[in-house]
Structures are given as structure tokens and as C-alpha cells.
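Okay, structure first, notes after.
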Amino acid sequence: MKKGIIQQSLGGFYDVLCDGQIFRTRGRGNFRQKKIKPLVGDKVEFSADDQQHGYLLKVLPRTNSLVRPPVANVDLAVVVTAVVQPRFTPNLLDRQLVALAKSKITPVIYFSKTDLATTEEYRQITAVADGYRHAGYQVLSGRKPFSTEQLAQLKAVLSGHVVTMMGQTGAGKSTLLNHLDSRLQLATGEISQALKRGRHTTRKVSLLDVAGALIADTPGFSSYEDLSIDAETLPQLFPEMVKVAPQCRFRGCRHLKEPGCAVKDAVASGTIMKSRYEDYVAFQQMIANRKPKY
């Protein structure tokens, strides 16, 4: 019996990476009966007589799993965030960060299109980037978005991890992947995504070996769109709030209208970004207005 990680799933076959070799495997018959659907990124136990004929025996417990892209055990997500074209909005970035925190995935914020920003726009985004760093996030925001130094920094962060990319249409996810490894020449992006949704095309998901990391070739992660989080959990997903919350007068403080709230004091003193707190309040309002599901 061997152990490995599913690197690619295609038409009922699973290519498993084990000790630098790829073994083609099939799922056991009882997987279907037990409703076990192996995903790319799953750590598995398998048997194989050779590299072409193997069987998955067991899917090991997952730390998380995503729907889009369908990948398990994701460690890091690169949140590609355009400074201009489309214009930067903190609300979208904060939604993405909250969704990642809920899935226990570490975000790396990568500001793209910084070279297209005016001097004033870049000055503003530098202040924003510093605010997110202070909140506890890893942020890359150089003036040249694909400079050798910045790409080396990103590669060092990603190495040894299972990674997915996310960001709105046109933010530059595929461009960043191509800069990380020029051999890829990916035409992923939104055009190929549209093609992959075609009725007769085969859905293939794979982890690309890029700079010592395994990166999902399909940008995705859409679960931030509905923010399916409850009001009690939300404060736990803002790291800067978690840090100061023990100083609040009331245990379980929601940081809204309660007196003696250390989070609101931190916002007033500029220790916590005002835009972050405003988004937190907006998300709490969204949760409060959500229709109950029966």
C-alpha cells in the first residue's frame, strides 16, 4: 500500500503523485456506494502493480474542500486584486478573506495592475496594503506587479503547499500564473472557463507543479458570494478583531452597539482600518437580513 496526493482527476481516473512519480488509479467500487467522491488534492492510500494500473483504497480525512475549483486540502489562496481596471473595492476583498478564513485557508493578497495606477492611486493602495499587513495578512503590492523580486517572494511563500487562485474577472490570475512559470502559457482565464462549462466538454481539474507548489489550474472559489456565515462566527474571521476582543467589556461582544468595545476603540484610534470595520458591520447586516431556510 502506498500514500500520495491526487494531482489530476479525469473521467473516473485519478492520477496520484507519490514520491515524485504519477500513478494512474481508479476508485474502488464501494466508493460509489459509500458516496465517497475523491477530489484533486485528496491525500489517499492506494495500491498499484505499475504506474498505469492502480486502485484507490482510502481517502484520508480532509482539512477543507472547495466547490469551485473542486479541490481538497487547500493550504493557501492567492487573492489577485486589481488596483485599477476594475477599480479596487475593499468590500469584495474582505468578502474573499472572510470566506477563506471560514474554510481555514491562508490568504496571500497580491495587488495586480499596480503599474497602471497613477502616482496618487498607488500611494493610496500602499496605505491600504499596509493596513492589511497590520491586520495580519501577507500582502504583495510592488510598483511592478511581476518584478523578479516580487515573484521570488511569492514562490517562497507558496512552496510546498496546495494553492488556489481567486479574484474577480480581469484581475490577472492567469497572467500571474504564467509569470510564475513561463512554460505554462496558460490560456486559462475567463475564456477557457466559459469553454469548460460547455455541455459536452470533459471537466478536468489538475494541480500544476509550479515553483515547488501544487496550484489548481482552474481559478475559482465562489463561496464568498453568499457569505453563509452566522453572526457569532463572523467576528472570529477578522484577525485584527480577534486580537483586541479580549479587552472588550462584555464576553461575546459583537462589536456593534455594545459599550466598552475595544474593537470600536481600535477603529477610532486608527489601529483597525475603518473600511474593514464598515465591511464587518455591512456583513453583520446582511446576516441579520438573510431569510431563514426551512
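Couple of notes before you dig in:
- You will find that of LYS173, LYS155, the residue that is surrounded by fewer than 21 Cβ atoms within 10 Å (Cβ to Cβ), among the basic types (Lys, Arg) and either farther than 19 Å from ASP217 by Cβ or not assigned by TED's automatic domain parsing to the domain that holds GLY20 (or both) is LYS155 and no other.
- Failed condition for ARG249, given (1) within 19 Å of ARG95 (Cα to Cα); (2) in contact with an Asp or Glu (Cβ under 9 Å, 6 or more places away or on another chain): (1)
- The lone criterion from (1) within 11 Å of the chain's Cα centre (by Cα); (2) touching a residue at least 60 places away in the same chain (Cβ under 8 Å) left unmet by LYS104 is number (2).
- Tally of residues being surrounded by 16 or more Cβ atoms within 10 Å (Cβ to Cβ) and in a helix (DSSP H, G or I) across region 84-120: 13
- Leading residue by the ranking (surrounded by the fewest Cβ atoms within 10 Å (Cβ to Cβ)) among those in region 279-294 that are under 15 Å from LYS257 (Cβ atoms) and not small (Gly, Ala, Ser): GLN285
- Members of region 121-142 that are within 16 Å of HIS179 (Cα to Cα) and surrounded by fewer than 14 Cβ atoms within 10 Å (Cβ to Cβ): none
- Here the condition is being basic (Lys, Arg) and modelled with pLDDT of 95 or more; of ARG95, ARG62, it holds for ARG62 alone.
- Verdict on ARG276 being outside the structural domain of GLN138 (by TED's automatic domain parsing), surrounded by fewer than 11 Cβ atoms within 10 Å (Cβ to Cβ) and in contact with an Asp or Glu (Cβ under 9 Å, 6 or more places away or on another chain): no
- The condition (being in contact with a helix residue (DSSP H, G or I) (Cβ under 9 Å, 6 or more places away or on another chain) and free of Cβ contacts under 8 Å to residues at least 60 places away in the same chain) is satisfied by just one residue among PRO61, PRO38: PRO38.
- Picking from residues in region 107-132 that are under 17 Å from the mean Cα position of the chain (by Cα) and not aromatic (Phe, Trp, Tyr), the one that is nearest to ARG62 (Cα to Cα) is PRO107.
- Residues of region 185-213 satisfying the condition of being under 21 Å from LEU158 (Cα atoms), touching a Ser or Thr at 6+ places or on another chain (Cβ under 9 Å) and at pLDDT 70 or above: VAL205, SER206, ALA211, GLY212, ALA213
- Of the residues making up region 23-63, those that are among the aliphatic types (A, V, I, L, M) and assigned to a loop (DSSP other than H, G, I, E, B) are ILE36, LEU39, LEU60.
- All conditions in (1) within 22 Å of GLN8 (Cα to Cα); (2) out of contact with any Gly (no Cβ under 9 Å at 6 or more places or on another chain) hold for ILE125, with the sole exception of (1).
- Qualifying residue in region 129-152 (condition: of a type in the set (S, T, N, Q) and under 14 Å from ALA171 (Cβ atoms)): yes
The values are calculated or read from the model by the stated rules, or taken from the named source; none is laboratory data. Everything quoted here is computed from the prediction, not taken from an experiment. Backbone-built Cβ (ideal geometry, glycine too); neighbour counts: all protein chains shown.
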